[in-house]
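To start, the structure under review is shown below, and the notes come after it.
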Amino acid sequence: MIGEPPTGGGGLDALPSPLDSVADSRAAARWIISSAGAVGALLLGAGPLVAAGRVTDWVHATWAGGGLLVSLLGVAWAIWRTSEVLVPPMTTPASLTGPELRGLRERLQAEPWYHFGGYADDIDGLLRHRRIAAAITGRLPTAPPEERAALREGLAVARRNIVRTDPYLRWLLTTAHAWQVRETLRQARRQTFLASALVVVGAVVFIAATAG
């Protein structure tokens, strides 16, 4: 579980941050990369080179080279896919509409009153006060003098609402960020499994070609 949503704006500091899980996800990614790198070093080590030196005809040499190349491609594939976990994703409110956050959206939709603190039903509701404040700020310089007092009062109200909803918006964005990293790691694990199968196939071909 990535984290528990706040039950009130003032208690956020006492809760575990959803970002705490990001370090664990990236540590797992580094372990996978190190393991894949070790396999690559083994494939390029002295043992395979000695075995390849026993090949005396072009047919077996082609099979041995092809098997070794397939294995190295599998290693490179695993490292490339897993290294994406180490790249920090840019998380904005628009990120919540992405397919990788579908599970998070389902949780938010199931209990909006809990995740949005009763201030909104969705992320757009939390952003509404910011849009109002931005619209009023843009309107103020060109507004007639008789409208400016009302606009300033509306801007003050919008800013107070922003302060109330800001803890929930921050929690949602940090949770979305951690969720993105977790989903990237999950996809990387699947890709690494497929890459491992490729390494095994290539190694079997190489061994069979150099055995005789």
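Mind checking whether some residue in the stretch 163-184 is within 30 Å of L44 (Cβ to Cβ) and at pLDDT 90 or above? I'd like the intermediate steps shown before the answer.
Taking the stretch 163-184 and keeping what is within 30 Å of L44 (Cβ to Cβ), we get 184.
Add one more test, that the residue is at pLDDT 90 or above, and what stays is 184.
Within the stretch 163-184, one or more residues are within 30 Å of L44 (Cβ to Cβ) and at pLDDT 90 or above.
Can you find a residue that is open to solvent by 40 Å² or more (accessible area, probe 1.4 Å) and over 22 Å from A211 (Cα atoms) anywhere in the stretch 55-70?
no
Among what's in the stretch 75-107 and is surrounded by 14 or more Cβ atoms within 10 Å (Cβ to Cβ) and β-branched (V, I, T), pick the residue that is farthest from G37 (Cα to Cα).
Within the stretch 75-107, the match that is farthest from G37 (Cα to Cα) is T91.
Return the pair list, or none, for Cβ contacts closer than 6 Å from residues in the stretch 8-27 that are modelled with pLDDT of 80 or more to residues that are basic (K, R), at least 6 apart or on different chains.
S25/R182
Of the numbered conditions (1) β-branched (V, I, T); (2) in contact (Cβ under 8 Å) with a residue 60 or more places away in the chain; (3) farther than 17 Å from Y114 by Cβ, I162 satisfies every one except a single condition; which is it?
(2)
Give the stretch 108-143 a look and list any residue that's outside any helix (DSSP H, G or I) and either open to solvent by less than 40 Å² (accessible area, probe 1.4 Å) or acidic (D, E) (or both), or say none.
Of all residues in the stretch 108-143, those outside any helix (DSSP H, G or I) come to 111, 116-122, 143.
Passing the criteria: E111, F116, G117, A120, D121, D122, A143.
Which of (1) modelled with pLDDT of 90 or more; (2) outside any helix (DSSP H, G or I) is the odd one out, the single condition P88 does not satisfy?
Going through (1) modelled with pLDDT of 90 or more; (2) outside any helix (DSSP H, G or I) one by one, P88 breaks only (1).
Is it fair to say G212 is modelled with pLDDT under 90 and not in a helix (DSSP H, G or I)?
The answer is yes for G212.
Any residue that is open to solvent by 70 Å² or more (accessible area, probe 1.4 Å), part of a helix (DSSP H, G or I) and among the hydrophobic types (A, V, I, L, M, F, W, C) - is there at least one of those in the stretch 169-191?
No: zero hits.
It is to be established whether one or more residues within the stretch 135-142 are of a type in the set (S, T, N, Q), at pLDDT 90 or above and within 21 Å of W80 (Cα to Cα).
no
The values are calculated or read from the model by the stated rules, or taken from the named source; none is laboratory data. From a predicted model like this one, the values you see are computed outputs, not experimental measurements. With ideal geometry, Cβ positions are generated from the backbone for all residues, glycine too; neighbour counts draw on all protein chains shown. Surface areas here come from the heavy atoms of the whole protein model, side chains and all, with no ligands, DNA or RNA. Shrake-Rupley method; radii C 1.70, N 1.55, O 1.52, S 1.80 Å.
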